[in-house]
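> Below is one structure. I have some questions about it.
The values are calculated or read from the model by the stated rules, or taken from the named source; none is laboratory data. What you see is a predicted model; the values in this text were computed from it and never measured. Virtual Cβ from ideal backbone geometry, glycine too; neighbours counted across all protein chains shown. Note: accessible area is taken over every heavy atom of the protein model, side chains too, but ligands, DNA and RNA are not part of it. Shrake-Rupley method; radii C 1.70, N 1.55, O 1.52, S 1.80 Å.
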Amino acid sequence: ELACYLTGSVVLNRMKHEKYPDTLEGVIYDPGHYSPTWSGSINREYDDTAWEIADELLTYGTDIDESVIFEANFEQGSGVYQEIGNLKFCYE
């Protein structure tokens, strides 16, 4: 659940950042960034929790630092905000 929240938060933060598109679709489909868009898994069924987190983020926004704009299995930017499993959520 936390990884889902942080991933959604990174998307919202990117929408506000000058380096990325300013729309949800633009960020998600930005070439080379989110593998579910090229693997096709973006079209799978999502559980209720994922929908609830998405609804919460789109309604209220995120409470993480707006400079957290990276998510990958390696460290990037100026440091790690939070690590969950092999995912690292990093500052610009």
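> Which net charge results for the neighbourhood of ASP65, defined as the other residues with beta-carbon distances under 14 angstrom from its beta-carbon, given Lys and Arg at +1 and Asp and Glu at -1?
Spelling it out: positives minus negatives among the neighbours equals -2.
> Choose one answer from ASN13, ASN43, ASN73: the residue with the largest mean-square fluctuation in a GNM of the chain with alpha-carbon springs under 10 Å.
Per the Cα network of the chain with a 10 Å cutoff, ASN43 tops the list.
> I'd like the carbon and sulfur percentage of the solvent accessible area for the chain, probe radius 1.4 Å, heavy atoms only, ligands and nucleic acids excluded.
Whole-percent figure for carbon plus sulfur exposure: 49.
> Could you tell me which of rounded, prolate or oblate describes the stretch 32-92, using a ≥ b ≥ c as the square roots of the eigenvalues of the alpha-carbon gyration tensor, with rounded for a/c under 1.5 and, failing that, prolate when a/b is larger than b/c and oblate otherwise?
Because a/c hits 1.5 or more and a/b fails to exceed b/c, the stretch 32-92 counts as oblate.
> Which order do TYR34, TYR60, TYR29, TYR81 take by accessible area at a 1.4 Å probe, largest first?
Most to least solvent-accessible, the answer reads TYR60, TYR29, TYR81, TYR34.
> If r is the Cβ-Cβ distance from LEU58 to GLU83 and R0 is 30 Å, what FRET efficiency results, to the nearest 0.05?
After rounding, the FRET efficiency stands at 0.75.
> Once you mark the trypsin sites (Lys or Arg not before Pro) that are in a DSSP loop and have at most 13 other Cβ atoms within 10 Å, what is the longest gap between them in the chain? Display every interim value, and only then the final one.
On the way: sites that count: LYS19, ARG44.
My reading of the result: 45-92 is the longest stretch.
> Next question, about the same structure. Over the chain, what is the relative contact order in whole percent, taking alpha-carbon pairs under 8 Å and six or more residues apart?
On the way: 109 pairs, mean separation 23.9, N = 92.
Here the relative contact order equals 26 percent.
> Another one. Local charge sum around LYS19 (other residues, Cβ-Cβ under 15 Å, Lys/Arg +1, Asp/Glu -1)? Working shown, then result.
Working: positive: ARG14, LYS16; negative: GLU18, ASP22, ASP30, GLU66, GLU71, GLU92.
Overall, the nearby charge balance is -4.
> Taking the chain as a Gaussian network, Cα atoms linked when under 10 Å apart, which of ASP30, ASP47, ASP65 shows the biggest mean-square fluctuation?
So, out of ASP30, ASP47, ASP65, the one fluctuating most is ASP47.
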